[in-house]
Each structure stands twice: as C-alpha cells, then as structure tokens.
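The values are calculated or read from the model by the stated rules, or taken from the named source; none is laboratory data. None of these values were measured; they are calculated from a predicted model. Reconstructed Cβ throughout: ideal geometry from the backbone, glycine too, with neighbour counts over all protein chains shown. Areas reflect the complete protein model, heavy atoms only, side chains present, ligands, DNA and RNA absent. Shrake-Rupley method; radii C 1.70, N 1.55, O 1.52, S 1.80 Å.
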Amino acid sequence: MEVQIIERIPISASPPPTSSPSLTLPLSHLDTDRNLHVTFRTLRLYSKPDNSPEKDPFLVISPEVVSAALSLFFPLTGSLHCREPGSRPEIQCTPSDSIPLIRAVTEVRLSDLASCQPDSPFLNQLSPDLDQADNTPLLALQITRFSCGGFAFGMCVHHVLCDGAGANQFLGCIAHFTRGESRPVIQPLWDRTELLGPRIPPTLHVPIDKTLILDANVVKHGTYWNQDQCGGSRRLVKEWFDVNNKCVEKFRNRLNEEAGLGFNFTTFEALSAFIWHSRIKASQLNSDEVVKMVYSMNISKILDPPLPAGYWGNVCVPVYVTLTAHELTNQPLWEITAMIRDSKRYINNEYVISYIDFQELHFAKGITAGTRVSAFTDWRRLGHSELDFGWGPPISVMPLSWKLLGSVEPCFFLPYSADDRKENNGFKILVCLDEANLESFKKDMKIFLE
C-alpha cells in the first residue's frame with residue numbers, strides 16, 4: 001500500500017500577522033515544559049456519505065479556507081526561537097511565514113485499513129512528519145484521497161503551541177469555514193505569559209519536587225533521551241484492544257465492592273490501574289525499582305479565575321502516582337485505583353501555580369520524572385471524533401506519536417466513531433509497550449475482556 005504525494009502548497013495567514021520584519025511571542029510555562037518539546041501527529045479517516053454527491057476534499061478543505069483559519073491562529077505559521085542556548089523557546093513570526101498543506105492520493109480503499117496494525121507504515125504515510133531543526137514549520141497538514149471516495153486528514157504540530165484541545169480549536173475553525181460559516185463566535189486568545197506565567201517571586205506551596213527530579217542530560221538531549229536506558233535495544237510495539245463497557249462495569253463493580261462503602265471508581269481510574277499493573281508485572285522489574293503513572297489534567301476551570309474561552313495553549317498539568325514495582329504488583333488493584341482517584345484531589349489552583357513556579361525555578365536544570373513512566377491519556381471526550389468538514393464525523397481517529405508526558409510507552413483511550421456500531425458498547429485502547437512484554441500483557445487483557 002502506497003501513498004503518492006502530488007502537491008505541497010505553502011499556506012500563509014491572510015492577511016499577514018505583522019507588517020514588521022518579525023514578531024516574537026512568548027509562551028507560557030506550561031507550553032515550555034520540556035515534556036512538550038516534541039511534535040504530535042494525529043490521523044482522522046472520513047468515508048464518503050451514503051446517497052450523497054461525491055465531494056473533493058482538495059476543493060472543500062482548500063488553501064483559501066486553511067489560510068482564513070491561520071489568520072486567526074497565525075502563531076501556527078511561526079518558528080521556534082531561543083534567545084540563547086538552553087533558554088525557553090518563543091515563537092517568532094514574519095510576514096512570509098507559511099505551513100505546508102500536502103495533497104496526496106492512494107489506490108487503497110478505506111475498507112483495506114481494517115487489517116492495519118497501529119504501527120503500520122502505511123498509516124504513517126497519511127500524516128506529515130516534521131523534524132525539529134531550526135526554522136522548520138511548527139505545523140503541517142495532509143489530505144489523502146482514497147479510491148473509494150473517502151479521505152484521510154493528517155496533522156503534525158509542535159506541542160509547545162497547543163495540546164489536543166487547542167489543536168481541535170484550530171481544526172474546528174477550518175471545519176467552520178468549509179461549511180461556509182462566518183468567523184467563529186469565540187475568537188482565539190494568546191496571552192500565554194499573562195495567564196500562565198510564574199509569580200514574582202516564584203514560590204512553592206506544594207511539594208512538586210517530591211515527584212520530579214533534575215537531570216542536566218535533559219537540558220542537553222531532551223526529556224526522552226533516557227528512555228533508551230531502560231533496556232538498551234528494546235523494541236516498542238503498539239497494540240489495539242476493543243474494550244466492552246460491560247467488562248469495564250463488571251470490573252468497576254468488583255473494585256468498588258472490595259474497596260467498601262463510599263467508593264465509585266471511574267472507568268479511567270479502574271482501567272488505568274489494571275493496565276499499569278499488568279504492564280509493570282510483565283516487565284519483571286527489580287522489586288525496589290520506582291515506577292510512575294502519569295496522566296494530564298485540564299486546569300482551565302481549576303484556576304481561579306478560570307482560563308477564558310478561546311485560550312488555545314497547553315492547558316494541562318501532569319499528575320503522578322509513584323510506587324515501587326513490588327508495591328504496584330502486590331497491592332490489591334482497588335488500592336492502586338484509589339491512589340489514582342486520590343491524586344486528582346490535590347490538583348487545585350495552588351498546585352497549578354506551584355507547578356508553574358517550579359518550572360520557572362528549575363527549567364534550566366532539566367526537569368524530568370525519570371525513566372519508568374507509564375503515561376495515560378483519555379481522548380474519548382475531547383472532541384477528536386466530532387470534527388466535521390462536511391462528510392460527517394470521522395470513522396476513526398488515532399495518534400501517530402508515542403512520546404507523551406515524558407514517556408515513550410503511552411496508553412490512549414480512544415472513542416469509536418459516531419456511526420460505529422460499537423459506539424454504545426465500548427471504546428478502543430491503544431497501548432505502546434516493550435515487545436518482549438507483549439504476550440504477557442495480552443494474556444492479562446484477554447482475561448479482563450472475557
């Protein structure tokens with residue numbers, strides 16, 4: 001299966017964001033978290049609606065439409081700039097900035113993708129990839145037409161600019177214009193340092209440093225440099241799992257019963273605990289090795305005052321649960337689930353501000369959570385599966401990047417499409433883990449899903 005690129009179109013914001021030679025925009029202390037010094041790639045698949053005229057996505061998602069959206073989100077056309085080596089990055093914009101819109105075609109039909117594994121080379125061809133050299137674009141888009149009339153919409157964007165929610169605001173603006181609608185009611189808002197900058201002086205009222213450590217190698221090589229230290233030549237693989245709501249409900253009820261009165265665990269809490277436990281058990285680590293589970297929490301409404309509507313920067317802080325491998329694999333699962341649940345209770349306005357202040361105080365020293373970090377993220381209610389360019393919602397949405405929150409072994413909770421027959425019965429789990437541990441992990445998942 002091959003994809004043929006037929007055109008690369010440079011798209012600029014219209015009108016240009018500035019008439020001056022350059023405009024420098026500061027980023028927030030959440031944006032510049034070293035965990036986010038990576039790009040993230042996503043892929044959405046759209047089918048031709050039944051009994052409707054065939055439309056050409058090249059004409060609907062046109063350069064003019066993308067340019068109109070970029071005029072509202074013009075920092076996406078800029079480039080990363082550091083005033084000096086090791087300093088916090090900023091966004092530099094010039095009137096000539098542009099992003100690539102790639103048009104591609106394939107003889108493949110959407111139905112042919114049913115057999116594709118999540119790390120399929122073909123899927124990777126459907127979304128652009130950007131290196132992180134100086135002056136490279138921070139955003140690239142790709143539209144690939146299938147022979148059946150469907151198409152793929154791929155995106156690669158640098159994480160310092162936005163997270164999934166912010167990217168969805170931009171993509172939603174494109175979709176807004178493809179439907180012939182006027183400017184969105186809620187206008188995008190920058191104000192990064194004003195809203196999420198440190199206090200003067202920065203002050204820690206929450207013991208952030210109990211979870212995070214400082215490592216000068218992170219400054220030199222990035223957060224993910226040390227992942228190869230966990231096993232040298234290990235090979236990471238990805239695997240899909242279809243999760244039935246009945247299985248999850250049965251498992252949650254069991255945990256609630258074991259925990260006693262007053263416990264009502266969420267699906268995310270219960271299933272994350274199970275997967276984290278099974279992953280570490282399969283790894284057969286030394287019993288005293290420290291392992292961490294991390295997930296991100298949206299702080300838009302936790303802050304006092306809340307972030308204003310239209311803010312499209314990174315709006316999440318990482319939340320950690322830390323145990324030894326022995327503790328994780330020997331404690332009852334309900335206790336692990338309770339720890340994940342309780343970790344949320346500490347995330348308040350002061351935690352967020354202290355996290356920002358910690359970044360201010362120690363950014364130059366290299367902040368990291370270490371090596372044995374298992375990351376979890378829940379995409380089921382972020383709007384990823386609702387983006388409609390005129391073909392209805394996507395039939396599938398998936399990540400194509402595997403560096404998340406300081407981990408190279410993430411787990412994604414993904415929604416089924418709106419018209420998928422399985423939608424009301426469950427969701428997908430996408431797990432990345434060491435190939436040597438895959439069979440043991442799959443055995444645990446099989447038991448869970450029975």
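Phi angles of the stretch 55-69 translate, via the Karplus equation with coefficients 6.51, -1.76, 1.60 and θ = phi - 60°, into HN-Hα couplings of 10, 9, x, 4, 7, 6, 8, 7, x, 5, 5, 5, 4, 4, 5 Hz per residue; Gly and Pro are given as x. The value of relative contact order for the stretch 12-91, using C-alpha pairs under 8 Å at least six residues apart, is 53 percent. Here the chain is assigned +1 on the Cβ of each Lys and Arg and -1 on the Cβ of each Asp and Glu. Its dipole about the Cα centre then comes out at about 340 debye.
Can you classify the chain as rounded, prolate or oblate using the Cα gyration tensor, where a ≥ b ≥ c are the square roots of its eigenvalues, rounded means a/c under 1.5, and otherwise it's prolate if a/b beats b/c and oblate if not? Write out the running numbers ahead of the final one.
Details: a/c = 1.67, a/b = 1.17, b/c = 1.43.
It comes out oblate by the Cα gyration axes.
Counted over the chain, the DSSP beta bridges are approximately 80% antiparallel. Among 367-379, 102-114, sorting by the average number of other beta carbon atoms lying within 10 angstrom of each residue, highest first, gives 367-379, 102-114. When the square roots of the Cα gyration tensor eigenvalues are ordered a ≥ b ≥ c, the ratio a/c for the stretch 69-131 is 1.5 or more and a/b exceeds b/c, which makes its shape prolate.
Legend: residue pairs Lys238/Lys365; Lys220/Lys292; Lys220/Lys428; Lys281/Lys428; Lys292/Lys446, Cα-Cα distance threshold 31 Å; pairs beyond threshold, Lys238/Lys365; Lys220/Lys428. Relative to the Cα centre, the charge distribution of the stretch 213-318, modelled as +1 at Lys and Arg Cβ and -1 at Asp and Glu Cβ, gives a dipole magnitude of about 280 debye.
For the stretch 41-47, backbone phi angles converted through the Karplus equation (6.51, -1.76, 1.60; θ = phi - 60°) give residue-by-residue couplings of 10, 10, 9, 10, 10, 10, 9 Hz, Gly and Pro being listed as x.
Under 5 Å between amide hydrogens, built in the peptide plane, is the criterion, and for Ser374 it picks out Lys292, Met293, Val294 among residues at least 5 positions away or on other chains.
Restricting to DSSP H runs of at least four residues, report the calculated mean residue ellipticity at 222 nm for the chain, -39500 (n - 2.57) per run over all residues, nearest 500 deg cm²/dmol. Don't jump to the answer; show the numbers that get you there.
Values: 12 runs with 120 residues, N = 450.
It lands at -8000 deg cm²/dmol.
Solvent-accessible surface of the chain, taken per residue with a 1.4 Å probe and all protein chains present: 44 Å².
For the stretch 302-450, just say rounded, prolate or oblate: build the C-alpha gyration tensor, square-root its eigenvalues into a ≥ b ≥ c, call rounded for a/c under 1.5, and beyond that prolate if a/b exceeds b/c, oblate if not. Walk me through the intermediate numbers first.
Working: a/c = 1.79, a/b = 1.10, b/c = 1.63.
Oblate, because a/c is 1.5 or more while a/b does not exceed b/c.
Percent of accessible area on the chain owned by carbon and sulfur, 1.4 Å probe? Don't jump to the answer; show the numbers that get you there.
On the way: 9860 of 19870 Å².
Carbon and sulfur atoms account for 50 percent of the accessible area of the chain.
Each of Ser283, Phe441, Val373 was scored by the projection of its Cα onto the charge dipole of the chain, and the greatest displacement toward the positive side belongs to Phe441; charges sit on the C-beta of Lys, Arg, Asp and Glu. In this Cβ point-charge picture (+1 for Lys and Arg, -1 for Asp and Glu), the stretch 321-416 has a dipole of about 120 debye about its Cα centre.
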